[in-house]
Amino acid sequence: MGHGPSPKIGAMSIRGADARQDLGQGDLVPLWFDSFVRRVAVLVVLSGLAGTVLAVAGRLTPVWFLMATVAGVVLVHPIVGGDPTLRAPRTRKANLWATLTVVLVAALVVGNVLLSSNGVFVNRDPGVYETTGRWLADDGGLVLEHNSGPFREAGLRDTGAGYQPANIGGPGLYPQFAPLTAVFAALGWWVAGPHFLFGSTAVLAGVALMVFALLVGRRLGMAWAFLATLVLGTNAIFVYGSRETLSEIPMLLMLLVGLLLVGDAERRADLRLFALGGLTIGFTTLARIDGLALMIPLVLTVVILSIEPGVVAGRSLIAASSGLVGAGLGVLVLRLRSPWYLESLWPQTSRLLWAIGVAVCVAIGCRAASRRGWLVSVRWNRVLQAPLQVGAVAAPLLVLWALTGRVVMARPIAPEAPSAVHGALAALWISWWTGPFLLVAGALGWAGECRSLRIGPRKLETVLTAFIVVSVAALYLWQPSIRHDQLWGARRFIPVVLPGFVAYAVSLAAASHRQLWHRWYGPPATSMLIAAILLPSLATSFQVRDQRSQIGAHAVVEEMCTALPSGSAVLIAEGQLFHLLLPQTLQTFCGVDVATTRLVGREEVSLVGQLAKDWDARGRRLFIVSANPRPLGDDSGLLPIEQINYIPYSLETTTGRRPQSMDIDERVVKSPDQVMRIYIHEATADVD
């Protein structure tokens, strides 16, 4: 290739005769793969954003959704739809690895869809997303309106877990959490009913893996992209997140697409793409409120890049500004449609907002100083680069300290222990699922990235990725809001930390290969490095390869819906947490009005009789769902309808070893006397 001008691949500069070795023997990203992934990913993101806007407005219907999505495509396609300016050679090797990557991702998607969990009982986040998604698919709004008529007149509670009243004394409920995940679940219901309601996250995970492969492929080549995709896609934490309906996967997709657009913007020098990329990263708050944490590194890139020529810093300023707008809109949506949830998280959210405010002030100051030429001097250059140099040394040492120095402290920890104790052991707990070497290699790869930023040209995509990974990792490890010693807690690392460490670990392997490829021990050393990165993920995911949570729960709900005619009224008696697990499940899946009561004492019995008369006067039937075969004692006036048996889940603590199951902090209870028995009776006017 000679020693002429260096071709640029994404944010990577290839120099001289070693270019072929740097890219894995000319293994570049094929144009068809690049264009296909970009178009599919942008379309999926647009569909999610269009659905969210319509859901907030209460207008999510197939017709409105199709019109909004088409309008979004018409607006965005002229900006993002063109082929990249870089014309990569269509080598046979690149096409082979790209094809293998597509096949791998397709296989993972199919497997995870078939093994997707049925989180219809609202005991955890998936139940809230799935019941809300099911409601959105039929009703189109984020306010669940039910508990009308006699139930409301009697002042009965209608709120299960994960929901709160929209208006005091009113009929509506607000769901917990940001809406994007539930919107994707609703779209999945339209496409394939319950299969994609539960499997929507698996499909999104597949799209995210393709974007991840494209980003890695642009920097390292498709062979290394295939390896990174294999490591991430088969890791037990990622598999768990793909099979559950959780918000981490949509957040990951939004972040990766944002980084992809920023990279395209740099390659095309298109300011519109910079704005769209930053806006997409900001919209991660539509999936998770902690998407606000991404705004800090996004704004701080303006500080680091202020020492570059004005146009570079200006581009980072555009991306940061649009990111703040997107994040602000996400918080506004949460304020409008889940205000009590935002208020419950306000202490943490306010700290993030203060940090963002400080970062914005620093960025504005550095930008102003840059425009005046104050940051051009070598002295200021070194001051701004100092954090990168310190981080390059400190990151690997901190990870090694967390994995080795804390091992002697690994002991059962009480759930009420301070979060700092949990954070101290978080790296050890995560290594249960990734293997310690991946974390160490990822930290070393990140350190190498920082070194390249210090000695080479800085690019917004490169700086932003490095800052996002280390800042979010530090946030989750320093102040974890959940225990990480089981998959339920470890899922918090899916959006940023896990893919970041995988990418940097593979980058380290690629760098080692480039340095050692011409030596006799190069191939064996590279093979051992790859095995140390890949095999732990394969081993841990193999143990949970066919597992999922709430197996058969949807069939139980369908059986209940068969026994409860649509439009009927259902009174759920407290017991076995039915009053928390079932209200919104029955209301959304069965189309019934729901209320809960204790059903103890003569007063409640008289209430049931009066409710039966009131509902009968409206031409509707009243049913009682309870865990008691005799909910009213003598059962006077009750007609037995159905008995359904289901094996429930109970809490399982895992404080000293890696769990052997994907049932997160839940396990199937085998004891016959702990089977969940659901009794359905019809109440008549004869109840007294």
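Name the residues whose placed amide hydrogens come within less than 5 Å of the amide hydrogen of Ile641, ignoring near sequence neighbours (fewer than 5 apart) on the same chain. Under 5 Å from the amide H of Ile641 lie the amide H atoms of Ile680, His681, Glu682, each far enough along the sequence or on another chain. Annotation: extensible slack from Arg598 through Leu345 equals 88.0 nm (criterion: 0.36 nm per residue apart, minus Cα-Cα distance).
Return the FRET efficiency for the residue pair Arg677, Cys361: r is the Cβ-Cβ distance, R0 is 41 Å, and the value is rounded to the nearest 0.05. Mind showing how you got there, number by number?
On the way: r = 60 Å, r/R0 = 1.47.
E(calc), rounded to 0.05, equals 0.10.
For the range 188-202, backbone phi angles converted through the Karplus equation (6.51, -1.76, 1.60; θ = phi - 60°) give residue-by-residue couplings of x, 5, 4, 6, 8, x, x, 4, 9, 4, 7, x, 4, 5, 5 Hz, Gly and Pro being listed as x. Spin-label model, Trp354/Glu153: points 7 Å from Cα along the beta carbon direction are separated by 5.2 nm.
Using a simple spin-label model with pseudo-atoms 7 Å out from Cα toward Cβ, Trp520 and Gln164 lie 7.0 nm apart.
For Arg621, nonlocal amide neighbours, meaning residues 5 or more places apart or on other chains whose placed amide H falls under 5 Å from its own, are Ala569.
Couplings 3J(HN,Hα) of the range 121-135, computed from phi: 7, 7, 9, 9, 3, x, x, 5, 5, 6, 5, 5, x, 5, 5 Hz, in residue order, whole Hz [Karplus 6.51 cos²θ - 1.76 cosθ + 1.60, θ = phi - 60°; x for Gly and Pro]. Approximating the spin labels as points 7 Å out from Cα along Cα→Cβ, the Leu538-to-Ser566 distance works out to 4.9 nm. Between the amide H of Arg157 and those of Thr596, distances stay under 5 Å, these residues lying 5 or more places away or on another chain, with hydrogens modeled in the peptide plane.
Readers should treat all values here as calculations from the given coordinates under stated rules, not as data from a laboratory. Model, not experiment: these values are computed from the prediction. Heads up, the Cβs are rebuilt from the backbone with ideal geometry, glycines too, and the neighbour counts pull from every protein chain shown.
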